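What follows is calculated from the coordinates using simple rules that are stated; it is not laboratory data. Just so you know, these numbers come straight off a predicted model, no measurement behind them. With ideal geometry, Cβ positions are generated from the backbone for all residues, glycine too; neighbour counts draw on all protein chains shown.
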Amino acid sequence: GGAYGGQAGDGTVSQDTAAPDAFAPPPVSQEEAERLRIEDERTAASAKVECGICLEIVHEKPRIGERRFGLLSGCDHPFCLGCIRDWRDGGVVRDAAEQTSGALEQARKCPLCRTQSHFTIPSTHWPRNAEEKDAMIGEYRARMDRIPCRNFDYGDGHCPFGSSCFYAHVYRDGTRESHEIRKTTDAEGNLKIVGGARLSDWLDTSQGRRAFR
């Protein structure tokens, strides 16, 4: 007779006796297991984080595209990306003559603690700790530094942000622009460093995002 888990009548081993793990998925590598563990921790850390402006849980917003955080470089208060960008756009008005440095400075401060932040970082998850946030900032800056600056235009244009620009000032041969510190003296003979506009003061405004798309 036939056999389940035994031998067939002709003495051959039935297919039913195959090792129980013959069709099991391959084992997960140590690196992959660590990646999955970190991803689970990030998901848990982000799950119930509430935006400090709209007071909604960021990962429960109705549209998937809205479920992103806007991390501030200067403090750890959580905001959804849309809300914090709208807040920071508040310091920029259509009529440049009406724009004051005070309004721009206020818009660069956290709505809750008033700490100034030079830029915001879009992220799908909330950092688990300060070290992870620092790493995220570094990765964000590194990504931007690989993108050629449109204003600089490989040396054919001019970037008003100079050495403060987060984008790459590269020439067509691949070399980078050297940043020389400009110095001057005032009427009393005191040495002063001449600096232009800072990209971080403008980058995450609506005008800035459109200009660098």
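I'd like to compare 64-71, 50-57, 29-36, 78-85: which one has the highest average count of other Cβ atoms within 10 Å, and what's the full order after that?
Details: 64-71: 17.6, 50-57: 15.4, 29-36: 10.0, 78-85: 21.5.
Put in order of decreasing packing, that is 78-85, 64-71, 50-57, 29-36.
Out of the stretch 150-179, which trypsin sites (Lys or Arg not before Pro) are coil in DSSP terms and have no more than 16 other C-beta atoms within 10 Å?
Arg150, Arg172
When 1/r is averaged over all different Cα pairs and the result inverted, which Kirkwood radius in Å belongs to the stretch 19-83?
Kirkwood hydrodynamic radius for the stretch 19-83: 14.3 Å.
Can you give the Kirkwood hydrodynamic radius of the stretch 39-146 from its Cα pairs, in Å with one decimal? Show your work: numbers first, answer last.
On the way: mean 1/r = 0.0683 Å⁻¹.
Answer for the stretch 39-146: a Kirkwood hydrodynamic radius of 14.6 Å.
Treat every Asp and Glu Cβ in the stretch 120-164 as -1 and every Lys and Arg Cβ as +1, leave all other atoms uncharged, and give the resulting dipole magnitude about the Cα centre to the nearest 20 debye.
Details: 6 positive and 7 negative charges, 22 e Å.
Magnitude of the dipole: close to 100 debye.
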